[in-house]
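Reviewing the structure listed below.
The values are calculated or read from the model by the stated rules, or taken from the named source; none is laboratory data. Here the structure is a predicted model, which is why all the values come from computation and not from measurement. Heads up, the Cβs are rebuilt from the backbone with ideal geometry, glycines too, and the neighbour counts pull from every protein chain shown.
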């Protein structure tokens, strides 16, 4: 095959790939993939899964923070959380922020506990 023929085959393949990408992007947009609607008044602070299709969500609604029970069939308000409690919790260090403890940290903690239990 001549170089012109190879170039035309390449051009045809590129046009086909671009057309397929365009169609795929339109379909994904139609089903809502990649759609983001930033909310001005709602913010999900945290979520704790309690099993399949259920959990507890911590949501800020304007100036209030509420805990919501979430299942696949309903959402219910569990409690409202005082701003003071949220501020206090924000200053506490998070468990596991730096990942799981290292082997040496684990060994040190185990030795400390063994020594403490031996004295009691």
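Some points to look at:
- Of the criteria (1) at pLDDT 90 or above; (2) surrounded by 10 or more Cβ atoms within 10 Å (Cβ to Cβ); (3) over 19 Å from residue 41 (Cα atoms), which one residue 68 fails: (3)
- The stretch 71-120: number of residues that are closer than 30 Å to residue 58 by Cα and at pLDDT 70 or above: 18
- Exactly one residue among 61, 23, 56 is surrounded by 10 or more Cβ atoms within 10 Å (Cβ to Cβ), at pLDDT 90 or above and within 30 Å of residue 78 (Cβ to Cβ), and that residue is 56.
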